[in-house]
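*Asks:* I'd like to ask some things about the structure below.
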Amino acid sequence: MSDRTCKTCSKQYSHEPMFIDGLDMLDHIFVCESCSESSRKAYEQAEWKATAKLRWEEAIPVEYRNTDITHPDYQKSIESHEAALTWLRQADAATRRPFLGLVGASGGCKSRIASRIARKGIWAGEFYQWCESYKFQWACQNQFGDDGKEASRLLRTWRETANLIFDDLGSLKSSEVVSDTLYALLEHRSANSLPMIWTSNEQPEEMLAGKNLTEKERARNISRLKGYSDIIEL
């Protein structure tokens, strides 16, 4: 043991050597335990911020990453923003429905509110994926074709991700394959209590119609959405 002066805080501390083959492997270190711990925590925090930023940029479209919550248009929807955060805070409550629906006319900041929920979740350590309706439509229609590998990968990711944002779900043009694939996603996520935030310009009763699609096929998806969603109307 010997006394040393910490190069960070200039305080005296006791140096305990660690000998290997007669050499003190810590001889070059002049930092006290307290400062060393502070440096470790600062490094871990910086590393975590960089990881969260990367997840945020990978998951959320750039348009919604740039959302300004002080903008007058967003402030018009601030009550819906707060209601959505209330849903998010109930993550461990047994009574919370796994889905959150944001429903209202175009321009009501539904997607932007969803992005702010995702931001809060990502910075808290959660994983999110963003599914746009046109990409889901493409994946449904191509899962058995030449692009089947990529389409199936996307569908599997959206089905199994910890948190999913399904943007503009109401604009899906349903067919038998789209209806069946959507039902598989809703069934899996609801059965496993996997959160999903979905947005739509239309009310659930107006959604998911399509050519050659029976009312029974359409109704099962609407029923699944309504039964497992807390719906906020903007």
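The values are calculated or read from the model by the stated rules, or taken from the named source; none is laboratory data. Predicted model only: the values in this text are computed from it and were never measured. Reconstructed Cβ throughout: ideal geometry from the backbone, glycine too, with neighbour counts over all protein chains shown. The protein model used for the area step is the full one, side chains on, heavy atoms only, and it has no ligands, DNA or RNA in it. Shrake-Rupley method; radii C 1.70, N 1.55, O 1.52, S 1.80 Å.
*Asks:* Give me a count of the residues in the range 79-111 that are part of a helix (DSSP H, G or I) and more than 20 Å from GLU132 (Cβ to Cβ). First the steps, then the outcome.
*Replies:* Of the range 79-111, the ones part of a helix (DSSP H, G or I) are 79-89, 110-111.
Subset that is more than 20 Å from GLU132 (Cβ to Cβ): 79-83, 85-89.
The qualifying residues number 10.
*Asks:* When the range 177-202 is examined, which residues are found to be open to solvent by 60 Å² or more (accessible area, probe 1.4 Å) and part of a loop (DSSP other than H, G, I, E, B)?
*Replies:* ASN192, SER193, ASN201
*Asks:* For the range 125-158, how many residues meet the condition of being open to solvent by 70 Å² or more (accessible area, probe 1.4 Å) and part of a helix (DSSP H, G or I)?
*Replies:* 8
*Asks:* Whether any residue in the range 57-78 is of a type in the set (A, V, I, L, M), touching a Lys or Arg at 6+ places or on another chain (Cβ under 8 Å) and in a loop (DSSP other than H, G, I, E, B) is what I want to check.
*Replies:* yes
*Asks:* Right, next: Condition check: surrounded by 10 or more Cβ atoms within 10 Å (Cβ to Cβ), outside any loop (DSSP other than H, G, I, E, B), touching a Cys at 6+ places or on another chain (Cβ under 9 Å) and in contact (Cβ under 8 Å) with a residue 12 or more places away in the chain. Does CYS35 satisfy that?
*Replies:* So CYS35 fits the description; yes.
*Asks:* Do you know which residues across the range 203-224 are more than 18 Å from VAL177 (Cα to Cα) and open to solvent by less than 30 Å² (accessible area, probe 1.4 Å)?
*Replies:* PRO204 - this is the single residue of the range 203-224 that is more than 18 Å from VAL177 (Cα to Cα) and open to solvent by less than 30 Å² (accessible area, probe 1.4 Å).
*Asks:* Is there any pair with a first residue in the range 68-96 that is more than 11 Å from ILE113 (Cβ to Cβ) and of a type in the set (Lys, Arg) and a second that is modelled with pLDDT under 90 and open to solvent by 70 Å² or more (accessible area, probe 1.4 Å) whose Cβ atoms are under 6 Å apart and which are 6 or more apart or on different chains, and what are they?
*Replies:* These pairs meet every condition: ARG96/GLN90.
*Asks:* Would you mind telling me which numbered condition in (1) in contact (Cβ under 8 Å) with a residue 60 or more places away in the chain; (2) in a loop (DSSP other than H, G, I, E, B); (3) within 21 Å of ARG189 (Cα to Cα) ILE122 fails?
*Replies:* (2)
*Asks:* Could you please let me know if ALA52 is more than 15 Å from ALA114 (Cα to Cα) and open to solvent by less than 50 Å² (accessible area, probe 1.4 Å)?
*Replies:* yes
*Asks:* Looking at the range 34-59, which of its residues are over 14 Å from the mean Cα position of the chain (by Cα) and of a type in the set (Lys, Arg)?
*Replies:* ARG40, LYS41, LYS49
*Asks:* So, one more: If you scan the range 86-107, which residues turn out to be open to solvent by less than 20 Å² (accessible area, probe 1.4 Å) and modelled with pLDDT under 90?
*Replies:* Listed by number, the list holds a single entry, TRP87.
*Asks:* Going through the range 203-234 one residue at a time, which ones are of a type in the set (A, V, I, L, M) and either in a loop (DSSP other than H, G, I, E, B) or over 21 Å from ARG89 (Cα atoms) (or both)?
*Replies:* Start the filter on the range 203-234 by keeping residues that are of a type in the set (A, V, I, L, M), which leaves 207-209, 213, 219, 222, 225, 231-232, 234.
Selection gives MET207, LEU208, ALA209, LEU213, ALA219, ILE222, LEU234.
*Asks:* Scan the range 208-234 for residues that are without any contact (Cβ under 8 Å) to a residue 40 or more places away in the chain, in contact with a Ser or Thr (Cβ under 6 Å, 6 or more places away or on another chain) and not small (Gly, Ala, Ser) and jot them down.
*Replies:* Hits for the range 208-234 are LEU208, LEU213.
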